[in-house]
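In what follows, a single structure is set out as structure tokens and then discussed.
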Amino acid sequence: MRELENTSAAEISTRALASAPALSRLAHIAEELGESSTATDIQQLLARINEGRFFVACVGQFKRGKSTLLNALVAEQVLPTGVVPVTTGPTVLRFGAEHSARVLMCGKWQTVQPQELAQYVSEELNPENKKRVEGVEVFLPSPLLASGMCLVDTPGIGSVFTTNTEATKEFIPQIDAAILVVGADPPISGEELALIEAVAVNVDQIVIVLNKIDRVSPAERQQAAAFASKVLEGRLKKPVERIYEVSALNSLHHAIDGDDWNTLTLDLSALASQSGQEMTRSAAERGLRRFSDSLVRAIQERMRALNEPIANSEQRIANLRQTVNQAEQSLRDLGALFSAEQMRLSNTLLARRKRFLRETFPAAFEDLRRESASATISFGPALRRELMQIAQAVARRHVMPWLDAEEAHAEELYSAVTQRFVDLVNGLLQRISEEQSADFAHLPKSLESEQGFRTRSRFYFHDMITIARPASPLLYSVDAVMGALRVRGWFLHDAERFLEQLLDTNASRVQGDVEQRVVESRLRLESDVRKLLREVSATAEHALSKARNVMAAGSDAVASELQRLDTLQHETAEIGQRTT
């Protein structure tokens, strides 16, 4: 882990607290402007700065075991876990003398029982955050949290619930350090790389954890760790000092066996004691820059609405709405073009699958017949199971080498097709920026492919073992009779049909998987662009609403308001510049 510069803890703490008055003033300015949401965010940051708290967020793809990892770190099953998404919004674990929990809803904290957390943070009991939970905090007397460290459980990215991914992305500015949880199967994804790159813009301390090592072989562990290290170093442009290989589930159950768990906990404790105050100071300075920039934009929009006639503002907002509508229409047009690309991709993969099956069926059937000849079991149901197991082995032997090669080829096709769509979207953003430079100046001029097309998966072999078992008592009886009569053709025919189904089903996984990824990634990118554009028109509409009220009071009121806004703008900008 990175060593701190030669700065004493007292100096760091003093610098962090020195930002408190400036943050407090920004909160007051936000309240004056009626920006209540921003004022609340600033107050929350101010509270944790004064208390010396810093956020270490656990991030990663859906189902990496993040909640289980945090439970193991605090040595208590406090966060719900399961086989479906169970974290719909960030949940903060912080130190408390007694175990308790609270939920932020409608701007107010409500005390809840810790065992009731699943009702607020699980996808099953709070689907897509229908209860509008704004925050969750759990207090517990964990030694790891005593120094001010707050562990944050974030929703997994890449699940079918896009609102969960958005909740994690919106929390990024508040992260002071990160624990990136990756896996061996599948390995680190493009979406995880994009996420940790966004986190690394303001965060130096990133701990990489390879979780669920109990589910893979030592060779697979080594391969996954090496792969994660290589791609992370390439993306972050700095060396990865260590990847901790652990099984959080085993650690939670005190079944530690040959992993890095003890080292991980010791290093996190050292991080808290050595770097905590530095991270608190950094959080304060980042907050000053972020909130001052946001408030300056809001003030400038207010002044613009007051300086120009209402009719002009209304026309400008109408133009903004038209721009957004045109952009959405352009996205639909691009979608139509992309659908044609997607169809060509699908046809290419379909043709490759058909060619593979045409070339593979004869050899696979010959292998099945040859290997089934050695079956000596005479009892019909048992013979069926043996022949089906042989069919599975034959199918795996023929399909897996092809899948490995096809996965690499499909990834190349996927990347080429999706990059073309990203280029088209970037062209749209560039055109909007050039035509509406004043209104869209703070928006990104382009998006990288990983920001939209970042869904990655791996193709899995489907054994379909249920087909290999007798489907009914009647079939079981028929199998018994056929076995007694030594009618092996009855069983071999079904085994051949099962083999054919295995080959076809698994070969089709490539095509279906890529199609699903393309559709999901395209929808995400379009959603991101729409959100960026709509925020601009929403800000302008809010400013116009305020301007109407002032203008209704007369010209003196307008002049007074402009003077007040000008003073606030200079003060706010000056506060933001203190950290540069």
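For the range 413-424, take each phi angle, set θ = phi - 60°, evaluate the Karplus expression 6.51 cos²θ - 1.76 cosθ + 1.60, and give the result in whole Hz per residue in order, putting x for glycine and proline.
5, 4, 5, 5, 5, 5, 4, 4, 5, 4, 4, 5
Using only the alpha carbons of the range 298-349, determine the length spanned along each of the three principal axes and report them from longest to shortest in whole angstroms.
Here the Cα extents, ordered largest to smallest, are 58, 20, 6 Å.
Give the calculated FRET efficiency between residue 564 and residue 50 to the nearest 0.05, with a Förster radius of 30 Å applied to their Cβ-Cβ distance.
Numbers: r = 29 Å, r/R0 = 0.96.
For residue 564 and residue 50, the calculated efficiency is 0.55.
From Cα coordinates alone, what are the radius of gyration and Dmax values for the range 271-424 in angstrom?
Both quantities, over Cα of the range 271-424: 31.3, 94 Å.
For the range 241-351, what does the convex hull of the Cα positions come to per residue, in cubic angstrom? The partial results should precede the final answer.
Values: hull volume 28.7 nm³, N = 111.
For the range 241-351, the hull spanned by Cα atoms encloses 259 Å³ per residue.
Per the Kirkwood formula on distinct C-alpha pairs, the Rh of the range 188-293 is how many angstrom?
Numbers: mean 1/r = 0.0637 Å⁻¹.
Its Kirkwood hydrodynamic radius stands at 15.7 Å.
Add +1 for every Lys or Arg and -1 for every Asp or Glu among the other residues with Cβ under 12 Å from the Cβ of residue 28, and state the total. Kindly include the intermediate steps, with their values, before the conclusion.
On the way: positive: 25; negative: 31, 32, 35, 571.
Net of charged neighbours comes to -3.
Cross-link candidates for residue 531: which lysines have Cα within less than 20 Å, leaving aside residues fewer than 8 places away along the same chain?
Cross-link targets: 130, 169, 445.
Set the Förster radius R0 to 51 Å, insert the Cβ-Cβ distance between residue 227 and residue 293 as r into 1/(1 + (r/R0)^6), and round the FRET efficiency to 0.05.
Details: r = 38 Å, r/R0 = 0.74.
Computed FRET efficiency for residue 227 and residue 293: 0.85.
Quick check: net charge around residue 367, other residues with Cβ under 12 Å of its Cβ, Lys/Arg +1 and Asp/Glu -1?
Working: positive: 369, 370, 396, 397; negative: 366, 371, 496.
Cβ neighbours under 12 Å give a net charge of +1.
For residue 576, what charge total do you get from the other residues with a beta carbon under 9 Å from its beta carbon, if Lys and Arg give +1 and Asp and Glu give -1?
Values: positive: 289, 290, 578; negative: 293, 574.
Neighbour charge sum, excluding residue 576 itself: +1.
What part of the accessible area of the range 251-375, given as a whole %, is carbon or sulfur when the probe is 1.4 angstrom? Could you put the intermediate results ahead of the total?
Numbers: 2940 of 6190 Å².
Whole-percent figure for carbon plus sulfur exposure: 48.
Over 31 Å between Cα atoms, which of 63/131; 66/354; 63/237; 63/238; 131/237 qualify? Can you show the working numbers first?
Numbers: 63/131 23 Å; 66/354 40 Å; 63/237 27 Å; 63/238 27 Å; 131/237 41 Å.
The answer is 66/354; 131/237.
With each pseudo-label sitting 7 Å past Cα toward Cβ, what's the residue 396-residue 347 distance in nm, one decimal?
Distance between the two pseudo-spin positions: 3.7 nm.
The values are calculated or read from the model by the stated rules, or taken from the named source; none is laboratory data. Treat the numbers as computed from the prediction; the structure is a model and nothing was measured. We place every Cβ from the backbone using ideal geometry, glycine too, and count neighbours over all the protein chains shown. These accessible areas exclude ligands, DNA and RNA; they are computed on the full protein's heavy atoms, side chains included. Shrake-Rupley method; radii C 1.70, N 1.55, O 1.52, S 1.80 Å.
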